[in-house]
Amino acid sequence: MALVSINELPENILLEIFTNVPARRLVLDCRLVCSLWRDLIDLMTLWKRKSLREGFTIEDCDEPVSDWKVFYFLCSLRRNLLRNPCGEEGMSSWQIDHNGGDQWTVESLPGGHGEAFPDSNVKKYFVTSYGLCIKSQMVDLKAEGYWEELMDRVRPDIVVKDWFAARRDCGCTYNIRVQLLSANQVVLVSFQPPHVTIPQWSDAQWTEVSHTFSDYPPGVRYIFFQHGGQDTQFWKGWYGSRVTNSSIIISPKMTRYPAASTTRPNTTQEPERKWRREWGWGWGWEDERDEEGL
């Protein structure tokens, strides 16, 4: 019996074979074999099959997927890029920028005069003291698998979240700053809302902060995440703001905005004042920036 070349197989059979080949091998090796393989591997049908087979689905998205290959790779890379977000490994992976008072520490939920966290899987939190406590992480996108062309051409949404709370018996402040940086660590876009001050005898409920970087300029290579605070009573010990479950996730969504009427870029993405009303906070924003902190 004469041998049959694999290229003589029907295209739908070849597509089924390629569906079972690891994605990186398809792009780096198989695509270079011949023009037939290249054309088949570039078909959106193949990447849609791979996406659906691996359970990658569109969530809360009104628009259809425009590029299934990009969608597949973004879904396969999707994870929290911050390490040790809930303090399960102590202060590991965090850079301590300020360690005032009795310094940062980690406590178990719900903690003294505290409330349970909405997600029962979260067991611990970081807590600040009577002096300013700030910690940070620098995310290297290339090291995390996000190559330059992907970030520059696709510019997927970058979703940042953090959770904070106070003790009932002590007031505190909370700060957060997230920056998208170039290869030379020049700030391209920044999210830095005003400081939050929670008064003494609050309800100690956990509050989520969420921000999405969309349609940012090309050249993003690093993401800098920084947060912290301190107590307002200056009590010895750990009575300041509590933070946990922080996350940076690169979404498979790609939001684009209409071109602005001005040629001067807006490099700071800050929340509008309506956020206070929508979040229902009973305490106030502070516009002042701490020159030594955030």
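Under a model in which nothing but the beta-carbon of Lys, Arg (+1) and Asp, Glu (-1) is charged, segment 172-257 shows a dipole of about 240 debye around its Cα centre. Globularity index of segment 68-129 is 1.51 (Cα radius of gyration / 2.2 N^0.38 Å, N = number of residues).
Against the empirical curve 2.2 N^0.38 Å, the C-alpha radius of gyration of segment 30-88 lands at a ratio of 1.49. The residues of segment 1-66 present an accessible area of 71 Å² per residue when probed at 1.4 Å with all protein chains retained.
How large is the dipole of segment 89-246 about the Cα centre if only Lys and Arg carry +1 and Asp and Glu carry -1, each at its Cβ, rounded to the nearest 20 debye?
Values: 13 positive and 18 negative charges, 45 e Å.
My answer is approximately 220 debye.
Test of the criteria: in segment 203-255, which trypsin sites (Lys or Arg not before Pro) are in a DSSP loop and have at most 16 other Cβ atoms within 10 angstrom of their Cβ?
Details: sites: R221, K236, R242, K253; in loops: R221, K236, K253.
Passing both the DSSP loop test and the Cβ count: K236.
Rolling a 1.4 Å probe across the protein heavy atoms gives segment 170-213 an accessible surface of 34 Å² per residue.
Taking 20 Å as the straight-line reach from the Cα of K69, the lysines in range (excluding those fewer than 8 positions away in the same chain) are K48, K50, K142, K253.
The values are calculated or read from the model by the stated rules, or taken from the named source; none is laboratory data. Being a predicted model, the structure only gives us computed values, none of them experimental. Here Cβ is always computed from backbone atoms with ideal geometry, including for glycine, and neighbour counts include all displayed protein chains. Side chains are part of the model used for accessible areas, which takes the heavy atoms of the whole protein and leaves out ligands, DNA and RNA. Shrake-Rupley method; radii C 1.70, N 1.55, O 1.52, S 1.80 Å.
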